[in-house]
1. Per residue, how much accessible area does the stretch A:42-114 have with a 1.4 Å probe, in Å²?
2. Can you list the residues of the stretch A:79-114 that have at least 30 square angstrom less accessible area with all protein chains present than in their chain by itself, probe 1.4 Å?
3. Considering chain B as a Gaussian network with a 10 Å cut-off on Cα pairs, which listed residue, B:29, B:86, B:78, attains the greatest mean-square fluctuation?
4. Using a 1.4 angstrom probe on the protein heavy atoms only, line up B:47, B:102 by accessible area, largest first.
5. From the Cα gyration tensor of the stretch B:29-101, with a ≥ b ≥ c the square roots of its eigenvalues, which class applies: rounded if a/c is under 1.5, or else prolate if a/b is larger than b/c, or else oblate?
6. Which residues, if any, in the stretch B:19-43 lose at least 10 square angstrom of accessible heavy-atom surface (probe 1.4 Å) when the other protein chains sit next to their chain rather than the chain being alone?
7. What pairs from A:17/B:100; B:68/B:100; B:42/B:100 go past 23 Å between their alpha carbons?
8. With θ taken as phi - 60° and the coefficients 6.51, -1.76 and 1.60, list the Karplus ³J(HN,Hα) couplings across the stretch B:14-21 in order, rounded to whole Hz; mark glycine and proline as x.
Amino acid sequence: GAGVSQSPSNKVTEKGKDVELRCDPISGHTALYWYRQRLGQGLEFLIYFQGNSAPDKSGLPSDRFSAERTGESVSTLTIQRTQQEDSAVYLCASSLAGALAPQHFGDGTRLSIL
Amino acid sequence: GESVGLHLPTLSVQEGDNSIINCAYSNSASDYFIWYKQESGKGPQFIIDIRSNMDKRQGQRVTVLLNKTVKHLSLQIAATQPGDSAVYFCAETRSGGYNKLIFGAGTRLAVHP
């Protein structure tokens with residue numbers, strides 16, 4: 001079956017521009033997570049959605065970062081006024097509800113800020 | 001494309017040898033642990049998990065060992081193959097409604113023929 005899909009796969013933009021990253025989770029997965037992975041590092045948690053609500057936004061680095069989810073499906077991560085430090089791979093994962101449900105990851109969006 | 005893990009510690013092994021990748025976790029309250037494999041340009045792929053009420057769990061060619069006393073995890077890969085070359089991450093979480101995974105820094109496994 002289809003896995004987690006993210007778009008675009010690569011994004012290059014100028015400092016100061018806004019970017020929007022999209023995640024299509026596996027159908028039926030009510031939990032959705034965003035992570036950031038800087039070059040040579042592990043993944044950092046950004047935000048968790050259960051359905052369309054985000055009970056944990058604790059990982060969002062600043063108020064330039066926001067995310068939403070609609071229809072208990074697609075999620076969008078928006079970064080406003082991008083900075084060079086925002087350059088990273090942004091990964092989305094989805095899972096069934098439940099404490100021990102394994103997360104399935106997309107291949108990420110590679111964001112480069114010039 | 002961008003390559004993850006350029007500055008990660010590297011474990012080099014010969015094809016057919018066994019590999020052991022180690023990880024120290026940070027939170028003594030964590031009770032669920034997962035190993036992921038990440039190939040260049042791809043998202044992490046689930047390998048095996050273990051709950052804190054276990055010391056050892058085996059999968060196909062992989063074994064995870066958990067030592068809660070020293071907060072240490074290891075991943076053993078038997079008969080390592082070239083396709084096992086990737087970056088391996090351990091992740092921890094405290095099961096309680098949802099899995100906010102805390103990832104380790106990762107280890108690159110390089111398998112030589």
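The values are calculated or read from the model by the stated rules, or taken from the named source; none is laboratory data. This is a predicted model, so every value here is computed, not measured. A quick note on method: Cβ atoms are made from the backbone with ideal geometry, for glycine too, and the neighbour counts reach across all protein chains shown. What goes into the accessible areas is simple: the full protein's heavy atoms, side chains included, and nothing from ligands, DNA or RNA. Shrake-Rupley method; radii C 1.70, N 1.55, O 1.52, S 1.80 Å.
1. Heavy-atom accessible area per residue stands at 39 Å².
2. A:99, A:100, A:102, A:103, A:105, A:107, A:110
3. B:29
4. Most to least solvent-accessible, the answer reads B:102, B:47.
5. In terms of gyration-tensor shape, oblate.
6. B:32, B:36, B:38, B:41, B:42, B:43
7. In this structure, A:17/B:100 lie more than 23 Å apart at Cα.
8. For the stretch B:14-21, the Karplus curve yields 8, 3, x, 6, 8, 10, 10, 10 Hz.
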